[in-house]
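The values are calculated or read from the model by the stated rules, or taken from the named source; none is laboratory data. None of the values given here were measured: they were computed from a predicted structure. Glycine also receives a Cβ, built like all others from the backbone with ideal geometry; neighbour counts cover every protein chain displayed. Ligands, DNA and RNA are excluded from the accessible area calculation, which covers all protein heavy atoms including side chains. Shrake-Rupley method; radii C 1.70, N 1.55, O 1.52, S 1.80 Å.
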Amino acid sequence: MISRIYSSEGILIDEFARERRLFAPSEEIPVIVKQAFISAEDKNFYNHHGYDPVGILKAIYDAAQGDRLRGASTITQQVMKNFLLSGDRSLERKIKELILASKIEKTLSKDKILELYLNEIFLGQNSYGVVAASQTYFNKMLSELTLAEAAYLAVLPKAPSTYHPVKQNSRAIERRNFVLKEMFENGFVKLEEYQLALLSPLNTVQGGQFSGFRDSLPERSYFTDEIRRELSRNFGEEQFFTGGLTIMATIDKNLQDIAAHSLQSALIKYDRGEG
């Protein structure tokens, strides 16, 4: 989780993180975002018991034939892999994933499992979870995403670099439109919405159509670096960079800017006065 530093007025002035992740509870994630990921990754999510029997059998058959083990993971299985297992494509890992997925389905609700998935999944550009990805690619809150933008985010779990919005633009749009088609066929969107979204260009921060989230933050200063040093000493670097701390600083940005300008002016005047 990202640790964030706020000014005395509550304005975000800096953030630190190893992985860029912002948590959102299930009720704060728009339905359209949930529907996009379900359509892209696991359209039977609300009906199965954690695994897709047909897909698992095909995967085991392929492994027995000596082929590389294929996917066929449900959202529940992906949650188990991301939290508890390695990412290697082995039959042993698949079996563990299957057992854990069936157990977690008996313990947590579907909405809770989906919440874990949408907050944990890696979506490229050092962004983990849909909240961070929404900022990274569109500089928007989840509630501001269009249908086409939500569908694009749902494209990314498989291989973010394969569907880069600029380097792989045509491929990304093609896959986004496939997700839109799935959403339409699953009854999540109306025909008019679907047809309109298909025509949408893929405008992103990476493509220069939106300003980046980081652009709205002031340049990192000695002040926030000193906070980083002090809290890293007190709580450890791991806690500071991954603990999702909310730090209310004493700084008043307006007064700080005035003080910095006054110091610079005085130093220049002194320097010139001394020749």
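Odds and ends about this structure:
- The chain: most fluctuating residue of Asp88, Asp52, Asp42 per GNM, C-alpha cutoff 10 Å: Asp88
- Counting only protein heavy atoms and a probe of 1.4 Å, the accessible surface of the chain is 53% carbon and sulfur.
- Coil-residue GluC sites (Glu not before Pro) of segment 178-230, DSSP, other Cβ within 10 Å capped at 14: Glu219
- Ellipsoid fit via the Cα gyration tensor, segment 109-189: semi-axes of 19, 17, 12 Å, each the root of five times an eigenvalue, largest first.
- FRET efficiency for Gln168 and Ser8, using Cβ-Cβ distance with R0 set to 51 Å, rounded to 0.05: 0.70
- Whole-angstrom Cα spans of segment 129-275 along principal axes, big to small: 75, 38, 26
- Size descriptors for the chain, from the alpha-carbon set: Rg then Dmax equal 23.1, 84 Å.
- Fully extending the segment from Leu199 to Glu185, taken as 0.36 nm per residue of separation minus the present Cα-Cα distance, adds 3.3 nm.
- Simple rule: put +1 on each Lys or Arg Cβ and -1 on each Asp or Glu Cβ in the chain, find the dipole, and look at Val131, Tyr163, Ser73; the Cα lying farthest toward the positive end is Ser73.
- Fraction of C-alpha pairs exceeding 17 angstrom in segment 185-253: 67 percent, rounded to a whole number.
- Dimensions (Å) - segment 1-156, Cα atoms, principal axes, largest first: 61, 29, 29
- Only alpha carbons enter this Debye calculation for segment 67-169, each as an equal point scatterer, and the log10 of I(q)/I(0) it gives at q = 0.20, 0.22 Å⁻¹ is -1.06, -1.17.
- Prolate/oblate/rounded label for segment 220-259 (Cα gyration tensor, a/c 1.5): prolate
- Restraint check, Lys112/Lys167; Lys34/Lys96; Lys43/Lys81; Lys34/Lys158; Lys167/Lys190; Lys34/Lys81, Cα-Cα greater than 28 Å: Lys112/Lys167; Lys167/Lys190
- Rg over Rh, two decimals, segment 13-54 (C-alpha only, Kirkwood Rh): 1.15
- The GNM of the chain, with springs linking C-alpha atoms under 10 angstrom apart, assigns the highest mean-square fluctuation among Ser170, Ser90, Ser265 to Ser265.
- Excluding ligands, DNA and RNA, the accessible surface per residue across the chain is 56 Å² with a 1.4 Å probe.
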